[in-house]
Amino acid sequence: MLVAGLSQALWLNFAPLLPTIQASYGVDEATAGLLMLVFPLLYVFLSIPAGVLTDRKGYPFAVSLSAVVMAVSAAFRIVAMPDSGGFWLLVAAQTGMAVAQPFAVNGISKLVLDWFAPDEVVSATGLGTAGMFIGMAAGLAATPPMVEAWGMQGTMVAWTAISATIAALSLTLIRTNPAVTTPPPPEAGVLENLRPLLTSRPLLLLFGITFLGLGYFNGLTAWIDLILKPNGIDEVHAGYIGGVLIVGGIVGAALIPLLAEKTGRRRPFIVLSVFAALLTLWPMSHSHDFTTVMVTSGLQGFFFLPAFALLLDVGSALAGQALAGAATGLLMLAGNGGGVVVMIVMVTMAQSAGNWEGAVILLILCLLGAAVGAALLPETGAVAQTTVKSTTG
């Protein structure tokens, strides 16, 4: 949870600071956005290798490697200051963190299958993704006040210290369950191992949902301050709103997967997540009342973000334990591919039109597509397994 959360916090450190980055480093919106865009962009290229490495070398190696690389990269941000012309050094540091991120996130599914009983898997996955959401909240909400109090360089020092501490903990504490023998992946090349995943229609549908869903979420969080700015909401308050969205997701990630576990169902809760996001997006992005935006942001996070844990669980169930890491890698590849596409299209539309209205419409279209896909998704919960057993019996 700590390592996955750190990867998200470092990604979103600059999301609520884009106007400050533009003014300090003398760059435009699209160039400043590279500090965040590099994460989903590199995830597209590294997700599958990270998943395969996690299956073959084990999640303790992959997750600890991720934590160490993030800590080293964070240190370079300390000297990437505006007065030294350090914007591209800042991008390079973010790139190092982006390389590390897939190795942290892809380990969640493997660790959960290793340490938890089948009736605890979804709840444990929810806790793992809650760690990611806590990191997102910290990156969005804590960074602007830290910059106000300590300046940019002091803030980078603080995040480097946090990164180094988490790296040390990961090297000490993360280990496999000695009581469990995990089946190894098939002895074949990467493409041979991935072929059954890429030819499964349910998995392909799941990848499509993830492309749209994470594309939506990455686009919203990356450009949230610029979407809200015309409504009179400054970057500090935009950071608070982003933080409330993630805090809502933390609470939802603890409760909704538990309900899914109790009912033995996955699909209805994924559908609910998407429709709740549809209902709350418009007032969140258009209201000039700070309280209204805060409330709708929290509701959106509570209902939408738990879908991530459910999608990871569905992917693991469809792929099987031996290929769970590779399946998670493909899932995150699809999601971050969507993030790259949506983020680029959003800023391009905004620069062309001179406002962010069209970009918000694009987010709505992403949710509508995800809703259709979620309705068609096969059920993989205990209810479906019980039905199969009774039918075969």
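Cβ-Cβ under 7 Å, sequence separation 6+ or interchain: first residue in the range 330-350 and more than 17 Å from Ala98 (Cα to Cα), partner outside any helix (DSSP H, G or I) and of a type in the set (Lys, Arg). Which pairs?
none
Test Ser285 against the criterion of being among the polar types (S, T, N, Q), under 22 Å from the mean Cα position of the chain (by Cα) and closer than 17 Å to Leu205 by Cβ, and give yes or no.
So Ser285 fails the test.
Can you work out which of the residues in the range 114-127 that are surrounded by fewer than 22 Cβ atoms within 10 Å (Cβ to Cβ) and under 17 Å from the mean Cα position of the chain (by Cα) is farthest from Asp55 (Cα to Cα)?
The residue in question is Leu127.
If a residue must be of a type in the set (S, T, N, Q) and either within 15 Å of the chain's Cα centre (by Cα) or under 19 Å from Leu212 (Cα atoms) (or both), how many such residues does the range 304-359 contain?
Residues in the range 304-359 being of a type in the set (S, T, N, Q) and either within 15 Å of the chain's Cα centre (by Cα) or under 19 Å from Leu212 (Cα atoms) (or both): 3 in total.
Scan (1) farther than 16 Å from Pro306 by Cβ; (2) surrounded by 15 or more Cβ atoms within 10 Å (Cβ to Cβ); (3) among the hydrophobic types (A, V, I, L, M, F, W, C) for the single condition Leu198 breaks and write down its number.
With respect to (1) farther than 16 Å from Pro306 by Cβ; (2) surrounded by 15 or more Cβ atoms within 10 Å (Cβ to Cβ); (3) among the hydrophobic types (A, V, I, L, M, F, W, C), Leu198 is out only on (2).
Evaluate the range 85-97: report whether one residue or more is closer than 26 Å to Gly320 by Cα and either β-branched (Val, Ile, Thr) or modelled with pLDDT under 90 (or both).
No, the range 85-97 contains no residue that is closer than 26 Å to Gly320 by Cα and either β-branched (Val, Ile, Thr) or modelled with pLDDT under 90 (or both).
Is it the case that the range 312-321 has a residue that's closer than 28 Å to Ile227 by Cα, assigned to a helix (DSSP H, G or I) and touching a residue at least 12 places away in the same chain (Cβ under 8 Å)?
No, every residue in the range 312-321 fails to be closer than 28 Å to Ile227 by Cα, assigned to a helix (DSSP H, G or I) and touching a residue at least 12 places away in the same chain (Cβ under 8 Å).
For the range 297-341, give me the residue count where each residue is among the β-branched types (Val, Ile, Thr), in contact with a Ser or Thr (Cβ under 7 Å, 6 or more places away or on another chain) and surrounded by fewer than 24 Cβ atoms within 10 Å (Cβ to Cβ).
Going through the range 297-341 one residue at a time, the tally reaches 0.
Checking Thr20 against (1) within 21 Å of the chain's Cα centre (by Cα); (2) modelled with pLDDT under 90; (3) among the polar types (S, T, N, Q); (4) within 15 Å of Thr143 (Cβ to Cβ): exactly one of these is not met. Which one?
Thr20 satisfies every listed condition except (1).
Given the criteria within 26 Å of Phe304 (Cα to Cα) and either crowded, with 20+ Cβ neighbours inside 10 Å or not β-branched (Val, Ile, Thr) (or both), does Ala62 qualify?
So Ala62 does not fit the description; no.
What about Ile162, is it modelled with pLDDT of 90 or more, within 25 Å of Val52 (Cβ to Cβ) and β-branched (Val, Ile, Thr)?
It is false that Ile162 is modelled with pLDDT of 90 or more, within 25 Å of Val52 (Cβ to Cβ) and β-branched (Val, Ile, Thr).
Within the range 347-361, take every residue that is out of contact with any Phe, Trp or Tyr (no Cβ under 6 Å at 6 or more places or on another chain), surrounded by 18 or more Cβ atoms within 10 Å (Cβ to Cβ) and part of a helix (DSSP H, G or I) and give me the one that is modelled with the lowest pLDDT.
It comes out as Val347.
The values are calculated or read from the model by the stated rules, or taken from the named source; none is laboratory data. Note that this is a predicted model, so its numbers are computed, not measured. Every residue, glycine among them, receives a Cβ derived from its backbone with ideal geometry; neighbour counts consider all protein chains shown.
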